[in-house]
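**Student:** Let me give you the structure first, and then I'll get to my questions.
Nothing in this text is a laboratory measurement; each read-out follows from the coordinates by a stated rule. As the structure is a computational prediction, the values presented were derived from the model and not from experiment. Cβ sites come from the backbone with ideal geometry, for glycine too, and all protein chains shown count toward neighbours.
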Amino acid sequence: MKAERNLQILLGDATLSGELKDIAQKVQNGVRISFEEGVLLYERADLPYLGVLANYIRENRHGDKTYFNRNFHIEPTNLCVYDCKFCSYSRLIKERSEGWELSMEDMLDIVKKYDDQPVTEVHIVGGVLPQYDVKFYAELFTAIRKHRPELHVKALTPVEYHYIFKKAKLDYATGMKVMKEAGLQSIPGGGAEIFHPEVREKIARDKCTGEQWLQIHEEWHKLGMRSNATMLYGHIEEYKHRVDHMEKLRELQDRTGGFQTFIPLKFRNQDNQMSHIPEVSVIEDLRNYAISRIYLDNFDHIKAYWAMISRNTAQLSLNFGVDDIDGTLDDTTKIYSMAGAEEQHPAMSTQQLVELIKHVGRHPIERDTLYGVVTDFENYVFPEEVKPRFYKLPVINESSVETN
Ligand code: SF4
């Protein structure tokens, strides 16, 4: 295996420091790295080194398999009672004229629009408003499941759950049970930002704390259900805050095993209260994916949102620990585009996603939300591919150019 050979070459590198060699040996032996070693990786490890380790772990777990799903988003509102400094998406209630508020019927109409399409998941997340309460969401989940039972409902983050349970005077355990009974099937990873209060207090002061975020996921896991986790990086946090964030996730995962996927989210600086902070480089994005893969040894998957980081970076990330690039989206989310992502109308056909993965030598697999295989695209031929081509590029010098 190439990843194994690259790790051997790295371990034989006489110029590698003792500390980095120790970490590489731990990775080879499947031994967990410590908090201090996580910080050391951020401070000292270069991209090629991190790529070798992260790709070794990625290929040991998944080989070349790279996952995506067919999904669409519903964003009930972009109005929000909170005022997170990094948020480009929300409009405060006083700016209502710039916002949208979908009714139950609006949302069910969106679901019905996909009736004849082979999507497997609806992802519901947006701002926080008082009218979207426990009763509203319970009815929405039930109505979606009744209309299309096989469509997986992945919805809301602990930010919403904390708010609506508090209003309804429900503790987290009871609240999550109510949601499960209403038809909720999994929780996306949002709202995590950076758990450490030194940072969270400054960028997302009023919403649920890091501890509350973790407690809500824990209660959900106790019901035998699965969820994802994110980390918003590249703003005012220090490396130690990133490692602290991952450490807390790793601890909870040790206890419950309920997380499926870790999704690093890059801070984008368009049109928000932190616009003065420059965005980190693509190199830092890739380093961060790689360190996540190395640190979170009990997470099965590391995901890159192609809509957030661009298609090219998503392709690159597949060599730095990432094994999932999210879904087709169908231009149904504004969260990334409003924050300044390159993709202003994020949508990819299944064929485009498959080709994007194949072009970097990986093996595309359409998954459902719980990573069941829907279609293995390794040898799949799309109808368009077998159509004959009716033109040839002009050849300038027949004698020096080989054609076929
Ligand atoms: S990040 Fe979420 S909770 Fe914070 S202001 Fe934006 S929509 Fe509201």
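**Student:** Classify segment 2-62 as rounded, prolate or oblate, taking a ≥ b ≥ c as the square roots of the eigenvalues of its Cα gyration tensor: rounded when a/c is under 1.5, otherwise prolate if a/b is larger than b/c and oblate if not.
**Tutor:** On the way: a/c = 1.60, a/b = 1.20, b/c = 1.33.
Oblate.
**Student:** Hey, what D do you get for the chain in µm²/s if you plug the Kirkwood alpha-carbon radius into Stokes-Einstein at 20 °C and 1.002 mPa s? Display every interim value, and only then the final one.
**Tutor:** Numbers: Rh = 22.4 Å.
It comes out at roughly 96 µm²/s.
**Student:** Separate question: Which far-off residues, 5 or more places away or on another chain, put their amide H under 5 Å from the one on Glu121, with H placed in the peptide plane?
**Tutor:** Answer set, sorted by chain and number: Phe72, His152.
**Student:** What number, in percent, do you get for the relative contact order of the chain if the mean sequence gap of Cα pairs under 8 Å and at least 6 apart is divided by its residue count?
**Tutor:** Working: 681 pairs, mean separation 81.6, N = 404.
The normalised contact order for the chain reaches 20 percent.
**Student:** Give me, ordered by chain and number, the residues 5 or more places off Leu265 or on other chains with an amide H under 5 Å from its own placed amide H.
**Tutor:** Amide H to amide H, under 5 Å and 5 or more residues apart or across chains, Leu265 pairs with Met231, Leu232, Tyr233.
**Student:** Now for a different question. List the GluC sites (Glu not before Pro) within segment 107-159 that DSSP assigns to loop and that have no more than 13 neighbouring Cβ atoms inside 10 Å. All intermediate terms of the calculation are to be shown ahead of the outcome.
**Tutor:** Working: sites: Glu121, Glu139, Glu150; in loops: Glu150.
Within segment 107-159, the qualifying GluC sites (Glu not before Pro) (loop, at most 13 other Cβ atoms within 10 Å) are Glu150.
**Student:** Let me ask another. Which residue, chosen from Leu47, Asn69, Ile33, occupies the Cα position most advanced towards the positive end of the dipole of segment 31-71, where the dipole is computed from +1 (Lys, Arg) and -1 (Asp, Glu) charges on Cβ about the Cα centre?
**Tutor:** Asn69
**Student:** Rounded to whole Å and ordered largest first, report the semi-axes of the equivalent ellipsoid of segment 190-325 derived from its Cα gyration tensor (root of 5λ).
**Tutor:** 23, 20, 12
**Student:** Hey, got the dipole for segment 2-62? About the Cα centre, +1 on K and R Cβ, -1 on D and E Cβ, debye to the nearest 20?
**Tutor:** Dipole about the Cα centre, nearest 20: 300 debye.
**Student:** Treating only the Cβ atoms of Lys and Arg (+1) and Asp and Glu (-1) as charged, compute the dipole magnitude of segment 65-376 about its Cα centre; round to the nearest 20 debye. List each step's numbers first, then the result.
**Tutor:** Details: 39 positive and 47 negative charges, 81 e Å.
My answer is approximately 380 debye.
**Student:** Something else: For the chain, which span is the longest to avoid every loop-located (per DSSP) member of trypsin sites (Lys or Arg not before Pro) having at most 16 other Cβ atoms inside 10 Å? Don't skip to the answer; put the middle values down first.
**Tutor:** Values: sites that count: Arg32, Lys85, Lys169, Arg205, Arg389, Lys392.
Excluding the exposed sites themselves, the longest stretch runs over 206-388.
**Student:** Right, something else. Go through segment 280-296 residue by residue and turn each phi into a ³J(HN,Hα) via Karplus (6.51, -1.76, 1.60, θ = phi - 60°); whole Hz please, and just put x for glycine and proline.
**Tutor:** Running phi through 6.51 cos²θ - 1.76 cosθ + 1.60 with θ = phi - 60° gives 6, 7, 4, 4, 5, 4, 5, 4, 5, 4, 5, 5, 4, 4, 6, 6, 8 Hz.
**Student:** By DSSP, what percent of the beta bridges with both residues in the chain are antiparallel, rounded to the nearest 5?
**Tutor:** Working: 4 of 32 bridges.
Taking every DSSP beta bridge with both residues in the chain, the antiparallel ones total about 10 percent.
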